[in-house]
Amino acid sequence: MPPRPSAPRLTPRRTGLGLAAVSLLLLTGCFAEGSGTASAGGAGGATDARIELAMLQPPRSGLSPLSDDAFKLSRWSTAETLVRLDEAGVAQPMLATEWEQLDDTTWSFTVRDGVTFHDGTELTAENAAASLARAVEAEPAPRILDGVEMSVAADGDTVRVTTAEADPLVPQRLSSPQLSVLAPAAYEEGAVTPVGHGTGPFELTAVDGTSGATLERYDDYWDGAPAAAGIDVSFVPDGTARAAALRTGEADVVEAVPVGQAAQVEEDLLAEVPMPRTNTLYLNTEDGPFADPALRAAAREALDPQTVVDGVYEGRADVAAGLLGPAIPYAADGRDTDAYRELLADRAEAGDPAGQKITIGTFTDRAELPEVAVQLQQQLEAAGFEVELEVREYQYIEADALDGDFDAFILSRATVLDSGDPVAYMVSDFGCEGSFNLSQFCSGTVDDALNAAEQAAPGEERQEAIMAAEAAILAEDAAIPMLHERVIQGEQSGVEGAVRDPRERELITAETTVAE
């Protein structure tokens, strides 16, 4: 079914939001993944109220579920997956009611009865498998399937998933919004068309390019009709305009209010959501001064992350206790064990920098990073290092960073990728064969810990292995985690049930309501 020709519904408040965005175009401010915590309350039955939503970024790929735009479809509750993740990253039923592992490489997922797509087509194992097969065969592959060889086929009322190698995270992978299940008609015209082809409580009925989108209540939703009548989405890249929309009441829910604008908004309209993102100083362990463990330890001892949190982030971040922050529910308890402490017991003692010259690189694309670099420069110089900074746009500095051209590099790094699991990040950044190894780091001890984490079954066993791997990495000071970022979500006082999701998969759900 092609997109409906009607434009998004414009309410007076929505029109005001558009005008606010236009009036602030000269204030350029372009800003660069589960269940989260819902705001208090929830639906008490269907209403006529519509939710006005201001989002940070417009679609980049025509809302294709095979791209990062899939997360918008997920946050609007219009496209769904076979599996969802709970707050701890544990796989839970969604369009699949149950699953089992048949052998090392084969999984079977039972498709839920009584589900219809928004175009009226019935959900079956055949069309669910066909939808997933399109993702598996896509070029480029969805990020969640990068490096994964997988095949999908229907088998009666089940979807059978087969991987080339044993993969304990298959259910978690199928929770990625990039593997949303759409109606067969979504694929009939070449490009994938999500308009009218999802299964969620809200039907995507119109998209106005990069300006906005309209969703309507889907009364035949398999889990009961949603409370709100619909969602009116505006894409507002300018942070000042988003904050203004919240402040003036033109938007009910606002993504990513900039820290610099938070003081202009009533505090009770703001909710801080811990993100699975860590601001980290990666140290070059192969060449230069930080090839010496004692100087890596000296850098660790010299840094004062609290000063960075207070000065650069205005207190709206969390000082890092490790690589994984408060968005990972089990991380803090995982550190409070004798086994974890024993792994850190043999850390190198700090040596004397004695005027060693080091070069720290970072980039301008995330506005706070150059400020962080200046703070670290001052702290390291106070400890006896001589520090030079090199700051460029990311596209012009990434290759040099990966080649080890800097003694240290400051990066804001997502620690949980699409599977809801941090092992892939750890392998990429700290494995001997890691594809994003800014520290030029290789340790047999760490590789053994990472291998154990990769092979561990999801749940408590895997969580313990993940924390052991974190301790092994920190024990060698390959990187110094400084702080964990938060995102500020704006909600009007009449909003109930908006989800505050660290993984940015959920936002508006069937339970979300606004005051009429």
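Right, ASP352: in a loop (DSSP other than H, G, I, E, B), open to solvent by 40 Å² or more (accessible area, probe 1.4 Å) and over 21 Å from ALA472 (Cα atoms) or not?
Yes; evaluated as a whole, the condition is true for this residue.
Yes or no, residue by residue, for (1) surrounded by fewer than 19 Cβ atoms within 10 Å (Cβ to Cβ); (2) among the hydrophobic types (A, V, I, L, M, F, W, C); (3) on the phi > 0 side of the Ramachandran plot; (4) part of a helix (DSSP H, G or I):
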residue	(1), (2), (3), (4)
PRO276	no, no, no, no
ASN279	no, no, no, no
ASP287	yes, no, no, no
ALA294	yes, yes, no, yes
ARG300	yes, no, no, yes
GLU314	yes, no, yes, no
ALA321	yes, yes, no, no
GLY325	no, no, no, no
PRO329	yes, no, no, no
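Failed condition for MET426, given (1) of a type outside the set (Val, Ile, Thr); (2) touching a helix residue (DSSP H, G or I) at 6+ places or on another chain (Cβ under 9 Å); (3) open to solvent by 10 Å² or more (accessible area, probe 1.4 Å), with all others met?
(3)
Does GLY260 qualify as being surrounded by fewer than 24 Cβ atoms within 10 Å (Cβ to Cβ) and either within 28 Å of ALA88 (Cβ to Cβ) or touching an Asp or Glu at 6+ places or on another chain (Cβ under 7 Å) (or both)?
no
For segment 194-225, which positions are open to solvent by 10 Å² or more (accessible area, probe 1.4 Å), among the polar types (S, T, N, Q) and part of a loop (DSSP other than H, G, I, E, B)?
THR210, SER211 - these are the residues of segment 194-225 that are open to solvent by 10 Å² or more (accessible area, probe 1.4 Å), among the polar types (S, T, N, Q) and part of a loop (DSSP other than H, G, I, E, B).
What do you reckon, is ALA382 loosely packed, with under 14 Cβ neighbours inside 10 Å and modelled with pLDDT of 95 or more?
Yes, satisfied.
Can you tell me which of PRO194, PRO237 is over 22 Å from ALA498 (Cα atoms) and either in contact with a helix residue (DSSP H, G or I) (Cβ under 9 Å, 6 or more places away or on another chain) or β-branched (Val, Ile, Thr) (or both)?
PRO194
Out of curiosity, is PRO59 buried (at least 24 other Cβ atoms within 10 Å of the Cβ), of a type outside the set (Ser, Thr, Tyr), in contact with a Ser or Thr (Cβ under 7 Å, 6 or more places away or on another chain) and in a loop (DSSP other than H, G, I, E, B)?
No.
The values are calculated or read from the model by the stated rules, or taken from the named source; none is laboratory data. All figures in this text were calculated on a predicted structure; none of them were measured in a lab. As a convention, Cβ positions derive from the backbone with ideal geometry for all residues, glycine included, and neighbour counts pool all protein chains shown. Ligands, DNA and RNA are excluded from the accessible area calculation, which covers all protein heavy atoms including side chains. Shrake-Rupley method; radii C 1.70, N 1.55, O 1.52, S 1.80 Å.
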